[in-house]
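Below you'll find the structure, written out as structure tokens, and then a few comments.
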Amino acid sequence: MEALFTTSIDLFPHTVHVRVFWDRIEIKAPLFRMEIPFSDVEGINSVERIPWYVGRGIEPYLHNRTLYIIDRRKNCVEIRKSTGFWRRLVLSVKQPDLLIEAVKRHSGRGWIL
């Protein structure tokens, strides 16, 4: 199936791909692949700054069930989920505004904040 929108996160020496399909968001890293159906998305928004203690790379924080996939500390996208272990994903994609717009448009739920 062809992705409707694709962007990436550069984590040297690997790249994490974030794709939006008609029914889901897919995050594909070298060691794992995560699919988030639009029905599980509670909200998506832009995050200007992330906490100072979050470094670069793929960082899980179990105490608040947040997974950070970060290559820079500004202009990140936060995806909040209603199911699964990871309830919050923070991604520092190259085109954050376009990712948010694509999810809102293709999910049919433009009200997601």
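Just so you know, all these numbers are worked out from the coordinates, no wet-lab data involved. Keep in mind that what you see is a predicted model, and the values were worked out from it rather than measured. Virtual Cβ from ideal backbone geometry, glycine too; neighbours counted across all protein chains shown.
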Could you tally the net charge around residue 1, taking each other residue with its Cβ under 15 Å from the Cβ of residue 1, Lys/Arg +1 and Asp/Glu -1? 0
Given the options 11, 91, 99, which has the most mean-square fluctuation in a GNM of the chain, springs set between C-alpha atoms less than 10 angstrom apart? 11
Determine the relative contact order of region 5-107: mean sequence separation of Cα pairs under 8 Å and six or more apart, normalised by residue count, in whole percent. 27
Between the modelled labels at residue 109 and residue 8 (7 Å from Cα along Cα→Cβ) the distance in nm is 2.9
Ordered by fewest other Cβ atoms within 10 Å, a rough proxy for footprinting exposure, 81, 28 read 28, 81
What label, among (i) 0.98; (ii) 1.66; (iii) 0.92, belongs to Rg/Rh (Cα atoms, Kirkwood Rh) computed from the structure on display? (iii)
Could you please state, rounded to a whole Å, how far the C-alpha centre of region 6-48 is from the C-alpha centre of region 67-95? 8
For the pair residue 31 and residue 95, the simple spin-label estimate (label points 7 Å beyond Cα toward Cβ) gives in nm 2.9
Distance in nm between pseudo-label sites at residue 63 and residue 80 (7 Å out along the Cβ direction from Cα): 2.1
Rank these for me by crowding, 14, 63, 106, going from fewest to most other beta carbons within 10 Å. 63, 14, 106
What order do you get for 4, 89 when you list them from fewest to most C-beta neighbours inside 10 Å? 4, 89
